[in-house]
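Below is one structure; the comments refer to it alone.
The values are calculated or read from the model by the stated rules, or taken from the named source; none is laboratory data. Worth saying up front: this structure is predicted, and the values here are computed from it rather than measured. Virtual Cβ from ideal backbone geometry, glycine too; neighbours counted across all protein chains shown. For accessibility, only protein heavy atoms count, side chains too; no ligands or nucleic acids. Shrake-Rupley method; radii C 1.70, N 1.55, O 1.52, S 1.80 Å.
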Amino acid sequence: MNTEQLIDICRKNGRRPITISSGNAVVTATLGMEGRLFLSHNGELTSLFRPEAAEKISTSKTGYFNPGGDGFWPAPEGTRFGYEYSSGSWRVPAAVVSAQYDIVSLSSDSFEIAAEIDLINNQQLGIPCRFTRKASVREVDGATVVEQYDAIEYIGCCELAAGTFSIAPWSLSQFVVNGQTIARFGDPGTPVRDLYMPSKELLASDGKVVTMKHDNVNRIQLALPEKSGFVELLLPDRNLQITRTSAPLADGLLPVDIADFPPDADPGEPVRFSIYNDPSGFMELETVGGCTADLLPGTILGVNMTNVIKAIN
C-alpha cells in the first residue's frame, strides 16, 4: 500500500489524516484515529495499516480493531497501576480509542498534535491528561529519519503521591513481518525479561548484537532496559532496516514497567525498550518514557525518539 491509499481510506472514514514530508520520506498522522503515526519510505507505506480500524469503532463489545502504525499508549498495560484492565477485562482505554487530536502546529516537514485524555487505572484512580505528539521528518542520503517526541502532561488538580500510581508515555510502532524478518537489539549483556512466552529458542548473538526470529505461533515480548541502546527490524524481502533509539530520560524521570500482568499484580522491572512479536504477522519496536516519584499538576512526562528507515544494502 502507498501513502495516498492510506490517506484516502482515512479521509473517507473521517480519521482526519495530515502529512509531512521531505523528499520521499513521509509521516502521516491520523488525528481521529488515536493520533497514530504512519511512516512511509520511498513512496511505500512502511508501517502496518489495517483499514478495518479506520472503518469500524472499537468498544468493549466489538473488541479492539488495531490500526497499526505507531500508537501512543500510557504505560503500564497491566499490574495494579496499569490502564488496560479498568473495566475488568483487557481493552484499550476508551479515552485513547476515541481521542480527537488537534493540530498545535504544522509545517511541510513537522507537526505537533495534542488531545486531552482522561485515564482510569486498574485501581479506579482517575488521572486527567493531555497527550502530545511532535514529529519532524528528513530524507538523508536515501534514508527516512523521523525525530519524535511523545509526552503526557498531568492536568489534574491534585498531587498524586509516590506508590499510588504509575504513568509514562509508551510508543508502539508496528510493521508487517514474515519468516525472513529479524529483530535486533544492542549489547549481548542486556538482561532480557519475557512478558509472554519464552524467547530463548529464538535468540542468538554474534557478540555485538542480539537477534530474534519472528514466531508465527506464539506471542513473544522482550522487555529491555536502557542498556539495550536500540531496537531494530531487518526486513530482507523489502530490503529495509528500521531502527529506533531513544534519548536518555530527563532528570527526575524513572523508567516504569509495561507488563501485561493481572490487575492485582505489582509492577516488575523497569523497561525502556521492547520488541513485541505477534503471530498474526506483525512486530513492534517500542520505546518507553519515565515517571516522576510524585505527580504534581502540570508535570510533563516526555520521551524523545529517533526512527531511521533505510536500505539494508
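³J(HN,Hα) across segment 240-247 via Karplus (A = 6.51, B = -1.76, C = 1.60, θ = phi - 60°), whole Hz, x for Gly/Pro?
10, 10, 10, 10, 10, 10, 9, 5
Using Cα-Cα distances under 8 Å and only pairs 6 or more residues apart, what relative contact order does the chain have, in percent?
Computed value for the chain: 19 percent relative contact order.
Could you point to the label whose value was computed as P(r) over Cα pairs in 20 Å bins from 0, in percent for the structure here, given [x] 27, 47, 24, 2; [y] 34, 61, 5; [z] 29, 47, 21, 3?
Read-out from the structure maps to [y].
Per q in 0.14, 0.24, 0.25 Å⁻¹, report the Debye log10 I(q)/I(0) for segment 126-193, using one uniform scatterer on each alpha carbon and no solvent.
Cα-only, vacuum Debye calculation for segment 126-193: -0.81, -1.15, -1.17.
Based on DSSP loop calls and a cut-off of at most 16 other Cβ atoms within 10 Å, the longest stretch of the chain free of exposed chymotrypsin sites (Phe, Trp or Tyr not before Pro) is what?
197-313
Roughly speaking, what is the centre-to-centre gap between segment 203-274 and segment 26-59 when only Cα atoms are used, to the nearest Å?
Answer, in whole Å: 22.
Across segment 210-313, how large is the tail of the calculated P(r) beyond 22 Å, expressed as a percent of all Cα pairs?
Above the 22 Å cut-off, segment 210-313 has 40 percent of its Cα pairs.
Dividing the convex hull volume of the Cα atoms of segment 97-244 by its residue count, what figure in Å³ per residue is obtained?
175
Rg/Rh for segment 180-250 to two decimals, with Rh computed the Kirkwood way over all alpha-carbon pairs.
Rg/Rh: 0.96.
Taking the Cα centroid of segment 286-313 and of segment 107-152, what is the distance between the two, rounded to the nearest whole Å?
Cα centroid to Cα centroid, the span is 9 Å.
Using a 10 angstrom cutoff on alpha carbons, build the Gaussian network for the chain and name the most mobile of Glu147, Glu34, Glu52.
Of the options given, Glu52 has the highest mean-square fluctuation.
Mind checking the per residue accessible area of the chain for me, 1.4 Å probe, whole number of Å²?
41
Per Stokes-Einstein, at 20 °C and 1.002 mPa s, what whole-number D in µm² s⁻¹ belongs to segment 160-221, with the Kirkwood radius over Cα pairs as the hydrodynamic radius?
152
Hey, what did segment 80-189 get for relative contact order, percent, Cα under 8 Å, at least 6 apart?
Normalised by residue count, the contact order of segment 80-189 is 20 percent.
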